[in-house]
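The values are calculated or read from the model by the stated rules, or taken from the named source; none is laboratory data. Because the structure is predicted, anything quoted here is derived from the model rather than measured. Glycine gets a Cβ as well: all are built from the backbone with ideal geometry, and neighbour counts include every protein chain shown. Accessible surface areas use protein heavy atoms only, side chains included; no ligands, DNA or RNA. Shrake-Rupley method; radii C 1.70, N 1.55, O 1.52, S 1.80 Å.
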Amino acid sequence: YGRWAYGFWQCKEHYKSQAELLAAAARFREERIPLDAIVQDWLYWGSLGWGPQWDPASYPDPAALVAQLREAHHLKLMVSVWSKFDRKTSFFKAMAADGLLLNGSNYYDAWSSAARERFYSFSKAAHFAIG
C-alpha cells in the first residue's frame, strides 16, 4: 500500500449525497486538516435497495466524484461494501437464482467461490471501475 493508507481516513455514519461528500472534502482542505481518504459508508444506494449501486438521485456521477476527490482534493475514496442485498435488487435475484445466498437469506455465501466471484463482479462494476 502507498503511504496514504497509513494516514487519516475520514469516516462518519454516512454521507447523504455526492454534494455533501465533496463539501466535506473541501472543508478538510480549507481547514488544512491532513486527510488521505474519505469513506462513503452505507446508504449510497438510496431507494434502489441495499446493494452495490449508486442512487443517481443522490450520487448523479460517481466516476466524477472519484475524479474530483482525486484531482481537486488529492484524496482516495473508500466505499463500504456489504454482503447482503435487498430482495428487490437485481443482485439479490441473480444470486438467489444461482443458489449463491446463505440458506435463503439475503446474504451471499462467502464460503462459495462462485458467490465470491459474483459478489466481486458487482462491486467491481459499481466501485472499482469508476476510478
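Dipole of the chain computed with +1 at Lys/Arg Cβ and -1 at Asp/Glu Cβ about the Cα centre; of 74, 50, 115, farthest Cα towards the positive end is 115. Karplus-based coupling profile of region 46-57, in residue order and whole Hz: x, 7, 6, x, 4, x, x, 8, 9, 6, x, 5, with θ = phi - 60° in 6.51 cos²θ - 1.76 cosθ + 1.60 and x standing for Gly or Pro. Summed over the residues of the chain and divided among them, the accessible surface reaches 58 Å² per residue at a probe radius of 1.4 Å. 3J(HN,Hα) along region 23-37, derived from phi through the Karplus expression 6.51 cos²θ - 1.76 cosθ + 1.60 where θ = phi - 60°, amounts to 5, 5, 4, 4, 5, 4, 5, 4, 7, 6, 8, x, 8, 10, 8 Hz, with x in place of Gly and Pro.
Placing +1 on the Cβ of every Lys and Arg and -1 on the Cβ of every Asp and Glu, with no other charges, gives region 8-122 a dipole of roughly 100 debye about its Cα centre. What percentage of the solvent-accessible surface of region 17-116, computed with a 1.4 Å probe over protein heavy atoms, is contributed by carbon and sulfur atoms? Using a 1.4 Å probe with all protein chains present, region 17-116 comes out at 55 percent carbon and sulfur. Each 10 Å bin, from zero up to the one with the longest distance, holds this percent of the alpha carbon pairs of region 64-131: 20, 43, 21, 14, 2. Kirkwood analysis of the chain, using all unique Cα-Cα pairs, places the hydrodynamic radius at 15.7 Å.
Count Lys and Arg as plus one, Asp and Glu as minus one, and take only other residues whose Cβ is under 10 Å from that of residue 75; the net charge is then +1.
Under 5 Å between amide hydrogens, built in the peptide plane, is the criterion, and for residue 75 it picks out 70 among residues at least 5 positions away or on other chains.
Near residue 55, the amide H atoms lying under 5 Å from its own belong to 45, 46; only residues 5 or more places off or on other chains count, and H is placed 1.01 Å from N.
Only beta bridges with both residues in the chain are counted; by DSSP, about 25 percent of them are antiparallel.
Spatially, region 1-44 and region 57-92 are offset by 13 Å when compared through their Cα centroids. For region 11-22, putting each phi into the Karplus relation 6.51 cos²θ - 1.76 cosθ + 1.60 with θ = phi - 60° gives couplings of 9, 9, 3, 4, 8, 8, 7, 4, 4, 5, 5, 5 Hz, in residue order, rounded to whole numbers and with x for Gly and Pro.
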